[in-house]
Amino acid sequence: MNDAGKSHNQQFGSFKEFYPFYLAEHKNVISRRLHFIGTGLVLALVAYIISSGLWTLLFALPVVGYGFAWVGHFFFEKNKPATFKFPFYSLLGDFVMFFDILRGKVSLKH
């Protein structure tokens, strides 16, 4: 079990219930920074794809986003990404955490 009281083996009834678990899986500051960079690059890439019309670049979105996030999990958090068990909530969690970092609700400092 993690600090949020849920494990990867349990189910969540809502994103509101899932998000504390998600945050508990991202305690390491380097991992949070990598998630922030990956999500920021995904947003920038989406803007570029839309403005340029280079729709073939859509394939790069999961590589960019998950590449940074999974490095954070495997090398710094030393845990299994929640994406494997909770793909939709995890994707939403990436964006909510990104904007929580921008608002100062989640720290990128130690």
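Okay, helix-only estimate at 222 nm for the chain: each DSSP H run of n ≥ 4 adds -39500 (n - 2.57), divide by all residues, round to 500 deg cm²/dmol; what do you get? Please report the intermediate quantities before stating the final value.
Values: 4 runs with 62 residues, N = 110.
My calculation for the chain gives -18500 deg cm²/dmol from helical runs alone.
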Inset, instruction - Take the solvent-accessible surface of the protein heavy atoms, probe 1.4 Å, and return the percent of it on the chain that carbon and sulfur atoms account for. - result: 69 percent
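What number comes out for accessible area per residue over the chain if the probe is 1.4 Å? Units Å², please.
On the way: 6510 Å² over 110 residues.
Result: 59 Å² of accessible area for each residue.
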Legend entry - Cα→Cβ-extended label distance, 7 Å offset, between Lys105 and Leu41, nm: 2.6 nm
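The values are calculated or read from the model by the stated rules, or taken from the named source; none is laboratory data. The structure presented is a predicted model; accordingly, all values stated were derived computationally and were not measured. With ideal geometry, Cβ positions are generated from the backbone for all residues, glycine too; neighbour counts draw on all protein chains shown. With ligands, DNA and RNA removed, areas are computed over all heavy atoms of the protein, side chains included. Shrake-Rupley method; radii C 1.70, N 1.55, O 1.52, S 1.80 Å.
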